Amino acid sequence: MRYADRPSMHREIHVAAEPSRVWECVADVEAMAGWSPELVRVEWRDGVTGLAEGAGYLGHNEHPVIGSWRTLAHVTDCVPDRSLTWCVLDVDGRYGPASEDPAQPMATWSFDITPAPGGAVLRQTVTLGPGPSGLTAYIARAPEREEEVIAHRFEELAKGMDLTLQGVREAAEGPRA
């Protein structure tokens with residue numbers, strides 16, 4: 001597993017709710033800060049407060065080892081009730097030159113909603129790179145451990161994805177506010 005190959009992983013969960021209800025919860029990116037162990041706050045850019053291709057928001061993140069950082073989430077695909085994809089950009093230049101170029105993301109994330117008996121299946125996927133990230137910094141210091149570094153990060157991301165998916169499920173299956 002090499003960073004240059006853009007490794008990817010996914011997690012999924014069955015949600016006992018209609019795809020449209022699951023979408024409402026997925027589309028509430030501010031709520032993600034309550035479910036994700038790294039994302040602590042979302043700040044919409046340019047007065048935009050909703051999802052559409054090209055929309056962007058700043059994600060304020062924290063990690064016990066990495067510390068605090070900001071990213072720019074740039075929405076690249078948005079199909080209500082079906083899919084949401086965004087790339088994460090190093091807007092502050094923490095790991096290389098500051099970038100708002102969607103062709104050079106640190107990672108690309110997506111949610112896909114598929115109708116299923118009794119509700120929907122919600123899948124969350126992450127693909128790393130190709131832009132520089134915290135992983136590339138670790139890999140540069142210990143290139144012989146690249147696969148181990150990526151595997152460790154995937155373990156962390158899997159736990160966070162499971163928590164996020166569980167949060168979406170609880171919100172979608174619960175009473176509406």
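You will find that of Ala55, Ala73, the residue that is among the small types (Gly, Ala, Ser), under 16 Å from Pro105 (Cα atoms) and over 12 Å from the mean Cα position of the chain (by Cα) is Ala55 and no other. Restricted to the range 47-66, and to residues there that are touching a strand residue (DSSP E or B) at 6+ places or on another chain (Cβ under 9 Å) and either farther than 15 Å from Val29 by Cβ or aliphatic (A, V, I, L, M) (or both), the residue that is surrounded by the most Cβ atoms within 10 Å (Cβ to Cβ) is Ala55. Of the residues making up the range 29-55, just one is assigned to a loop (DSSP other than H, G, I, E, B), farther than 16 Å from Val79 by Cβ, without any contact (Cβ under 8 Å) to a residue 60 or more places away in the chain and of a type in the set (Asp, Glu), namely Asp46. Look at the range 59-83: where a residue is over 25 Å from Leu122 (Cβ atoms) and a partner is assigned to a strand (DSSP E or B) and among the hydrophobic types (A, V, I, L, M, F, W, C), sitting 6+ places away or on another chain with Cβ atoms under 9 Å, you get Ser68/Val40; Arg70/Leu58. Across the range 57-114, which residue is nearest to Lys159 (Cα to Cα) among those that are part of a strand (DSSP E or B), at pLDDT below 95 and aromatic (Phe, Trp, Tyr)? The extreme case among them is Trp69. Taking the numbered list (1) within 19 Å of Met32 (Cβ to Cβ); (2) in contact (Cβ under 8 Å) with a residue 12 or more places away in the chain; (3) over 16 Å from the mean Cα position of the chain (by Cα) in turn, Tyr95 passes all entries but (1).
The set of residues in the range 14-47 that are closer than 18 Å to Ala120 by Cβ and more than 16 Å from the chain's Cα centre (by Cα) comprises His14, Val15, Ala16, Ala17, Glu18, Pro19, Ser20, Arg21, Val22, Glu24. A search for C-beta distances below 9 Å between a residue of the range 2-24 that is on the phi > 0 side of the Ramachandran plot and any residue that is surrounded by 14 or more Cβ atoms within 10 Å (Cβ to Cβ), counting only pairs 6+ apart in sequence or on different chains, returns Arg6/Thr108; Arg6/Thr127; Arg6/Leu128; Arg6/Gly129; Arg6/Pro130. Based on what the data block shows, is Leu72 of a type in the set (A, V, I, L, M, F, W, C), crowded, with 19+ Cβ neighbours inside 10 Å and out of contact with any helix residue (DSSP H, G or I) (no Cβ under 9 Å at 6 or more places or on another chain)? It is true that Leu72 is of a type in the set (A, V, I, L, M, F, W, C), crowded, with 19+ Cβ neighbours inside 10 Å and out of contact with any helix residue (DSSP H, G or I) (no Cβ under 9 Å at 6 or more places or on another chain).
Within the range 126-175, the set of residues being without any contact (Cβ under 8 Å) to a residue 40 or more places away in the chain and assigned to a loop (DSSP other than H, G, I, E, B) comprises Ala142, Gly174, Pro175.
The values are calculated or read from the model by the stated rules, or taken from the named source; none is laboratory data. Keep in mind that this is a model prediction, so the values were computed, not measured. So basically every Cβ, Gly included, is an ideal-geometry build from the backbone, and we count neighbours across all protein chains shown.
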